[in-house]
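These notes are about the structure you will find just below.
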Amino acid sequence: MPNVSYETLKLPTGDMAKRRTFLYGAAGALGFGGSWLAAQQGFSSTSQQTYGSDQGLVASKNHLSNDDNRRASLSDRAASKGLLYGATVTAHRISSDASFAACVARECNILVAEIDLKWKALRPAPDQFDFSRSDRLLDFTQRHNMQFRGHTLVWHNGLPDWFESTVTADNAEQFLRTHIQTVVSQYAGKMHSWDVVNEAILPAHGRQNGLRGTPWLSLLGESYIEIAFETAAQADPDAMLVYNDFGLDYDISEEERKRTAVLELLSRLQSRGIPTHALGIQAHLHGDLTHFNPDKLRSFIQDVASMGLKVLITELDVSDRRLPRDIDTRDRQVAEVYEAYLTAALAEPSVIAVLTWGLSDRYTWLTHFQPRSDGAAVRPLPLDDRLQPKRAWRAIADAFDEMSERDG
Ligand code: XIL
C-alpha cells in the first residue's frame, strides 16, 4: 500500500465539486478498496472487514455509485448540500495523533475548539492571554480549508482558578469586556461563529426569567448576556454570534420549559436590539431515551427561525451508557438516534451546520463524564476508537444525503 498522507489528498481550494472529483479520483488511482479510511490508516484486514459489514447499507443507497458512496466523506456530503459538518477537537490531539488528525481533515469542513478557547485555557493569570493552542487550531483549519468556530466566551464552567478570588461586582464588567474584546479581536475575520454565551438558561434554578445561577449572573445580573453579545459584535462584525445550550431535544416537561425559556431569552435580546444571529442546540442525546418527538424539535427550530435566527447543531453525540453491552446492539441503537434526530433537524432549512462533540470514540468527553457501569468503553461518535466508520457514521451520511440543499 502506498504511504499516503492526508495532505496529499487535500486540495487547496474551496471548490467542493472539484474537490470531490479529485478525492474519488485519487482514491481510485491509489487502489483503495472496500474502505478508504482503512486504506489511509493502514488498518488490518480485520478492521476493514468490520467496515465491510456495513456494505449492505452502503449498497442500499443509490444517490452516488457504490464506490463513490463509500469514499465520500461527511464533509463532502454536507458541502454538496450547502451544509457544514465538523467536530470538536483539541490542539493537543491534533498535534499528537497524526492518524486522528488525518481523519479530522478528511471528514470535517468546520472545527470547534473543545477546551482551547475556554477561559481556563486562555487566561493563565488575570492580566495574561495565551493563544498558543487556539492559534494552532486556527492554523490547522486554514491549512485544510475548514471553517473555525469559537467556544465559548461566557460560561459558568471552565473558569480559571484565580477567577473567584479576583473578579468582583466592581470589576466584573471590565473583565468580561476585556476578555471578549481581546479574544474575539485575535480571530476577527477568521471565525465562522462564536458561542458567545453558553448554557445561561436553567428553569430548574427557579428564576422567573429562566436564567441559571452562575458567577456572571451574581456579579452582573442579566446584563452580562447583553454585554457579551455587544462586545463580541464590536470586536468582529463578521462572525455569527450564537447563544448555545443543551437540554432542548426531548419531549419531556423539563426540556419543554427550557425551550420556552430559551425562546423568551432570544426574544428579549432581539427586542433590545442585541446582536444575536443563531441558536446553538448542543444535542447531547441518549441512546436509551424514547422521548424524542421529531415534530416538537421541528416546531422549536421553526420558532427560532421565525425570529430570523439560524440554527446550528453544535455538540451532537449519543451516549450509550445505559445500552446493552453487546457492541452491535449498541451501535445500531446509537445510529438510529443519530438518523432520527438529524432527519428531523435537517428538514428545517434554518439548520446550517452539524458538529459532533468529537469525531472518534478514541477521544470523547463521555468516557469521563458518562462512563458505563460495566466498564466497557463508550461508543457515542461516528468513528470507533480505531478510527473506523461505524453505523453512526453511516446514519449521519444518510441524513446528509437525504436532506434538501440549503439556499446558502
Ligand atoms: C466539555 C469538554 O468536552 C471536556 O473535555 C471538558 O473537560 C469539559 O467541557 N457542553 C459544552 C462543552 O458546552 O463545553 C462541554 O465540553 C460539554 C458540554
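General observations
- Count of the stretch 275-290 residues which are under 30 Å from Ile327 (Cα atoms), modelled with pLDDT of 95 or more and not acidic (Asp, Glu): 7
- Of residues in the stretch 135-175 being closer than 23 Å to Thr214 by Cβ and of a type in the set (S, T, N, Q), the one surrounded by the fewest Cβ atoms within 10 Å (Cβ to Cβ): Ser165
- Among the residues of the stretch 271-284, some residue qualifies, meaning at least one is out of contact with any helix residue (DSSP H, G or I) (no Cβ under 6 Å at 6 or more places or on another chain), small (Gly, Ala, Ser) and more than 16 Å from the ligand (Cβ to nearest atom).
- Failed item, numbered, when Ser350 is tested on (1) crowded, with 21+ Cβ neighbours inside 10 Å; (2) within 17 Å of the chain's Cα centre (by Cα): (1)
- Some residue of the stretch 186-199 being among the hydroxyl-bearing types (Ser, Thr, Tyr) and under 26 Å from the mean Cα position of the chain (by Cα): yes
- Among (1) buried (at least 16 other Cβ atoms within 10 Å of the Cβ); (2) at positive phi, the one test that Gly273 misses: (1)
- One residue stands out among those in the stretch 343-359 that are in a loop (DSSP other than H, G, I, E, B) and of a type in the set (A, V, I, L, M, F, W, C): the one that is nearest to the ligand (Cβ to nearest atom), which is Trp357.
Residues checked against (1) on the phi < 0 side of the Ramachandran plot; (2) among the acidic types (Asp, Glu); (3) crowded, with 17+ Cβ neighbours inside 10 Å; (4) within 16 Å of the ligand (Cβ to nearest atom):
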{"position": "Asp295", "(1), (2), (3), (4)": "yes, yes, no, no"}
{"position": "Leu309", "(1), (2), (3), (4)": "yes, no, yes, no"}
{"position": "Asp361", "(1), (2), (3), (4)": "yes, yes, yes, yes"}
{"position": "Gln370", "(1), (2), (3), (4)": "yes, no, yes, yes"}
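- Single residue of Asp303, Asp288, Asp317 found to be of a type in the set (D, E, K, R), buried (at least 22 other Cβ atoms within 10 Å of the Cβ) and within 23 Å of Ala399 (Cα to Cα): Asp317
- Summed over the stretch 212-224, residues that are outside any loop (DSSP other than H, G, I, E, B) and closer than 20 Å to Glu164 by Cβ total 7.
- Residue check for Arg325: away from the ligand (no atom under 16 Å from the Cβ) and either in a helix (DSSP H, G or I) or buried (at least 23 other Cβ atoms within 10 Å of the Cβ) (or both): no
- Each residue in the stretch 373-402 was checked for being over 16 Å from Trp357 (Cα atoms), assigned to a loop (DSSP other than H, G, I, E, B) and in contact (Cβ under 8 Å) with a residue 40 or more places away in the chain, and 5 of them qualify.
- For the stretch 225-258, the set of residues classified as part of a helix (DSSP H, G or I) and more than 19 Å from His277 (Cβ to Cβ) consists of Ser253, Glu254, Glu255, Glu256, Arg257, Lys258, listed by residue number.
Residue-by-condition table, conditions (1) at pLDDT 95 or above; (2) part of a loop (DSSP other than H, G, I, E, B); (3) of a type in the set (Val, Ile, Thr):
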site	(1), (2), (3)
Leu64	no, yes, no
His92	yes, no, no
Leu117	yes, yes, no
Asp127	yes, yes, no
Arg133	yes, no, no
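- Residue under evaluation Arg330, criteria (1) touching a helix residue (DSSP H, G or I) at 6+ places or on another chain (Cβ under 9 Å); (2) part of a helix (DSSP H, G or I); (3) of a type outside the set (A, V, I, L, M, F, W, C), criterion not met: (1)
- Qualifying residue in the stretch 199-214 (condition: more than 16 Å from the ligand (Cβ to nearest atom), under 20 Å from Lys120 (Cβ atoms) and crowded, with 16+ Cβ neighbours inside 10 Å): no
The values are calculated or read from the model by the stated rules, or taken from the named source; none is laboratory data. Since we're looking at a predicted model, the values are computed, not measured. Here the Cβ is made from the backbone with ideal geometry for all residues, glycine too, and neighbour counts use every protein chain on show.
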